[in-house]
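One structure is given here, and the rest of the page talks about it.
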Amino acid sequence: MPRSAEISAIASPTEPAAGQAEGYAYAELGNAVAEGSAVLAQESALAIAYNGISHAVMMVSPTAVEDFITGFSLSSAVVDSIDDIYDIRLHHLGPAISAEVEISSRAFWAMKQQRRQLAGTSGCGLCGVEALDQALPQLTTLVPTQLPQAAHLVDLRERIAAVQDLARRSGALHAALYVDACGAIRACREDIGRHNALDKLIGALLREKYDVRQGFAVVTSRCSLELIHKAVRAGIGNLVSLSAPTALTVQWARRHNLNLIHLPHHSAPRVYSPAPPAREEQP
């Protein structure tokens, strides 16, 4: 697929009535007569319940919600596989969305056990330990994956900007994208939350049965440790970040065989994981 013809092969749902969205009026500070209007990013409160049990409420962009719930369920370890998700039913309640998710009995039992452990430690001085277990979880190490070709990262920032439809209209949105083994952008998901954007992408890829070990995922936001967790749980082999990673992020990527690449603004891509070969001692 020629780069000039790149479009999302996995359709990226648009915001409801985005074409009819009205701009919000504003006046320039210090010049009240200078007025204008701008389309702003939308956000909704999303409440997720698994098998009738409320689990989480979060703010999301109201696009690709089913993709988000699928990716969130996997990357947050609610389910181990997309096959554990039987059904997703959405109910729109004004500015809020209620999601009823049916999951397997095995996944539901494991989720209830985890909730019981968290509730049992509340107020006893051990809740901090549980929080650390959530922040630094045990993850399955990935099978090493081949790094992408350097040519596939050429002009990547510009190509990403061209497919960020929502951000181009309103700004204030993060994006997560999938670039296939031929270097073409095949999917783009956007959200007000950087974690949400990656969850949406993961959900879209899994629902369409893409081989996530081919090509690479890209995040436009800061690459935090939580994004490493999500990528590893989803089985993604290559993750490219437009922002520099932290030391801990690199350590965890190396430990779990996740290839981690930083794409600076004006420098060549930097491969932080796997670690470069040790330099030979100079005589």
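All of the numbers you see were taken from the coordinates with simple rules; none came from a lab. Because the structure is predicted, anything quoted here is derived from the model rather than measured. Cβ coordinates were reconstructed from backbone atoms using ideal geometry, including for glycine residues, and neighbour counts include every protein chain displayed.
Quick one: grab the alpha carbon gyration tensor of the stretch 141-240, order the square roots of its eigenvalues as a ≥ b ≥ c, and give me rounded if a/c is under 1.5, else prolate or oblate depending on whether a/b is larger than b/c. Before the final figure, lay out the partial values.
On the way: a/c = 1.67, a/b = 1.24, b/c = 1.34.
Oblate.
Annotation: peptides 75-85, 181-191, ranked by per-residue average of other Cβ atoms within 10 Å with the highest first, follow the order 181-191, 75-85.
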